[in-house]
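Got a structure for you, questions after.
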Amino acid sequence: MMDSLKPWWRTRTLREQRLLLAMIALAAIVFAWLLVVRPLGDALSDARERHGDAVVALAEARAQAKLIAGLEREEPAELGGPVDAIVGAAASEAGFQVSRIEREGAVAATVVMDAVRPQAFFAWVAQLEDRGLAVERLSASTNSDQTLAVEVTFRARAG
């Protein structure tokens, strides 16, 4: 096959030969892109999506395990004050900037924070649950700087 291409190649002018080489090089780049780079990019994207799903599933499993462990407890921890005061003190200890705290009787309070790191926030919520508070309602939305704006209602667990 190469023997039949040599005379054909020699009959081309130098300019045509260079153009044909450039065309072959560009075609090789396009095929490499389509056959190697794009499939690897798609696989990486799929792996990231599966990882995100696994992280969410793990968090849900841990939360349910904590709920089950909490149900096995015989007595909830003693609060030692109104819920809004406990939550406000715990937020300032953890370094969170609270926008507002709305008291809902002596047994519940709603806390609004404009910017919190997700990991730190959910660890803080877990600490409050260990102290005898339960999350009644939680609303979170993402900010542009990888933080969350949250509104969470805590209620004292019934003894």
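All but one of (1) outside the structural domain of residue 118 (by the TED database); (2) modelled with pLDDT under 95 hold for residue 18, so report the exception by its number.
Going through (1) outside the structural domain of residue 118 (by the TED database); (2) modelled with pLDDT under 95 one by one, residue 18 breaks only (2).
Please verify whether the range 108-127 includes one or more residues that are at pLDDT below 90 and touching a strand residue (DSSP E or B) at 6+ places or on another chain (Cβ under 9 Å).
no
I'd like to check something: does the range 145-156 contain any residue that is buried (at least 17 other Cβ atoms within 10 Å of the Cβ) and at pLDDT below 90?
Looking through the range 145-156, at least one residue is buried (at least 17 other Cβ atoms within 10 Å of the Cβ) and at pLDDT below 90.
Same structure again: For the range 95-149, how many residues meet the condition of being within 25 Å of residue 70 (Cα to Cα) and among the hydrophobic types (A, V, I, L, M, F, W, C)?
The total comes to 18.
Here's something else I'd like to know. Which condition number in (1) closer than 24 Å to residue 66 by Cα; (2) surrounded by 14 or more Cβ atoms within 10 Å (Cβ to Cβ); (3) of a type in the set (A, V, I, L, M) is the one that residue 89 fails?
(2)
Checking residue 141 against (1) assigned to a helix (DSSP H, G or I); (2) under 22 Å from the mean Cα position of the chain (by Cα); (3) modelled with pLDDT of 90 or more: exactly one of these is not met. Which one?
Only one criterion in (1) assigned to a helix (DSSP H, G or I); (2) under 22 Å from the mean Cα position of the chain (by Cα); (3) modelled with pLDDT of 90 or more is unmet by residue 141, namely (1).
If I filter the range 87-105 down to residues being touching a strand residue (DSSP E or B) at 6+ places or on another chain (Cβ under 8 Å) and assigned to a loop (DSSP other than H, G, I, E, B), which single residue comes out as modelled with the lowest pLDDT?
Result: 104.
The values are calculated or read from the model by the stated rules, or taken from the named source; none is laboratory data. As the structure is a prediction and not an experimental result, all values here were calculated from the model. Virtual Cβ from ideal backbone geometry, glycine too; neighbours counted across all protein chains shown.
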